[in-house]
Amino acid sequence: MRKVYYIYNPKTRTYDRIYPTVRQRAISILRRLFVGMGLGAGSFIILLFIFGSPSEKELRIENARLLAQYNVLSHRLDEALGVMQDIQQRDDNLYRVVLQADPVSDAIRKAGYGGTNRYEQLMDMANAELVMNTTQKMDMLNRQLYIQSKSFDEVVDLCKGHDEMLKCIPAIMPVSNKNLKKTASGYGTRIDPIYNTPKFHAGMDFSANIGTPVYATGDGKVIKAGWETGYGNLIQVDHGFGYVTWYAHLSKYKVRPGQKVVRGEVIGEVGNTGKSTGPHLHYEVHVKGKVQNPVNYYFMDLSAEDYDKMVQIAANHGKVFD
């Protein structure tokens, strides 16, 4: 119902009806229109702020999915970098040791990207720290894969030129030990079983019954088959290329000095001679006059899984017999 307006007329002492002009009516209509529009816009903004638009909801859901994917990717990159580290260790401590090649330096393996900040454009992104860390891990993995690929190319070239050397270098265990249960003690500082004091153990001990066959671990020539103080009955085999292996505490010799042997040939039997507290074989590998960890020279006998087990067993103090 439209409102009716009156005004008091003092001359007639009555109320006269007022009829607004067109202009006044237009202004009134516009005023109501603007007030209504303002209230509607305000209500819309408040509802939008509280509940958000459908597109914003979709964006929030999509951002949450992307964040979850980045977290999964970051975790998988950590796992891949861990596998890469294992490969690098095997490359340096096994393949390159066997081929007498210098290991790849950490400075090369872990070299970063120099120059300008490669990640500066990521700093303004949402969850910038996660995105930058993930990108850095990806770059690091790509870099290390490239370096490792080049390293394996070098190892392959070394192998191609060392066919004769590969026949001679120690590459198997000196006793049958497929289940690894005969591994008694590894290379490193151990407690002397007789003097009960710390002492450097220069080889590996394999517990076995007296008379167990002992095998040459590579082609070579016997340079000693006789008594050695502390070692008891000892056989030394010169494999050439700087490699010499020692087989100690034997009960019997199956070879004589000057005799040529091939890998896998029986050269003696396990015993308990010399400084020994029980039947076992003490085995050493010398390279260019320096004693080396024998665990790096069983690559023809062990699978990758067995190699890892052997490394773990050898790292333990175990039981030292000499």
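Throughout, read-outs are computed from the coordinates displayed, never taken from laboratory work. Not measured: the values here are computed from a predicted model. So basically every Cβ, Gly included, is an ideal-geometry build from the backbone, and we count neighbours across all protein chains shown.
Observations
- Highest mean packing comes first when the peptides 71-79, 211-219 are listed by Cβ atoms within 10 Å, giving 211-219, 71-79.
- The residues neighbouring Ala208, those whose beta-carbon lies less than 11 Å from its own, together hold a net charge of 0 under the Lys/Arg +1, Asp/Glu -1 convention.
- Ranked by how many other beta carbons lie within 10 Å on average, peptides 165-173, 288-296, 58-66 from highest: 165-173, 288-296, 58-66
- Cβ-based net charge around Gln148, under 9 Å, with every Lys or Arg adding one and every Asp or Glu removing one: +1
- Annotation for segment 243-317 versus segment 147-184: alpha-carbon center distance of 15 Å.
- Taking amide H as placed 1.01 Å from N in the peptide plane, Ala184 has its amide H under 5 Å from the amide H of Asp205, Phe206, Ser207, each at least 5 places away in sequence or on another chain.
- Residue-by-residue Karplus 3J(HN,Hα) for segment 72-83, coefficients 6.51, -1.76, 1.60, Hz, glycine and proline x: 5, 4, 4, 5, 5, 5, 4, 5, 5, 5, x, 5
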